[in-house]
1. Do the conditions hold for N61, that is, is it within 11 Å of the chain's Cα centre (by Cα) and either among the small types (G, A, S) or closer than 21 Å to A3 by Cα (or both)?
2. When you check L73 against the structure, is it surrounded by fewer than 17 Cβ atoms within 10 Å (Cβ to Cβ), over 9 Å from the mean Cα position of the chain (by Cα) and assigned to a loop (DSSP other than H, G, I, E, B), yes or no?
3. Looking at the range 24-60 only, could you name the residues that are more than 17 Å from L73 (Cβ to Cβ) and open to solvent by 70 Å² or more (accessible area, probe 1.4 Å)?
Amino acid sequence: MSARPLTDAEIVALQRLDHLPDSAAVPIKLAALSNGTSERTWRRNPPIPTFPLSVGKKGCNVGLLRKLNRGELAQAS
């Protein structure tokens, strides 16, 4: 099974992620996309702490996400 290609909107969102400060928050959907995991995996077993952004939406800190993507953080088991 191969991964599906990224949409134009997803590519733009990932490019914008590079310009956000470490203190910013992003939705789980974008965090999962940048990490290469599924959104469902993030909802069920988030590798870094998440917090509510609005009703029914959770997000995570960009600084922690960058550390996770660089391998500087051990994923929670």
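1. No; evaluated as a whole, the condition is false for this residue.
2. Yes; evaluated as a whole, the condition is true for this residue.
3. Those that are more than 17 Å from L73 (Cβ to Cβ) and open to solvent by 70 Å² or more (accessible area, probe 1.4 Å): K29, E39, R40, R43, R44, P52, L53, V55, G56, K57, K58.
The values are calculated or read from the model by the stated rules, or taken from the named source; none is laboratory data. Computed from a predicted structure; not experimentally measured. Here Cβ is always computed from backbone atoms with ideal geometry, including for glycine, and neighbour counts include all displayed protein chains. Keep in mind that these areas ignore ligands, DNA and RNA; they rest on the heavy atoms of the full protein, side chains included. Shrake-Rupley method; radii C 1.70, N 1.55, O 1.52, S 1.80 Å.
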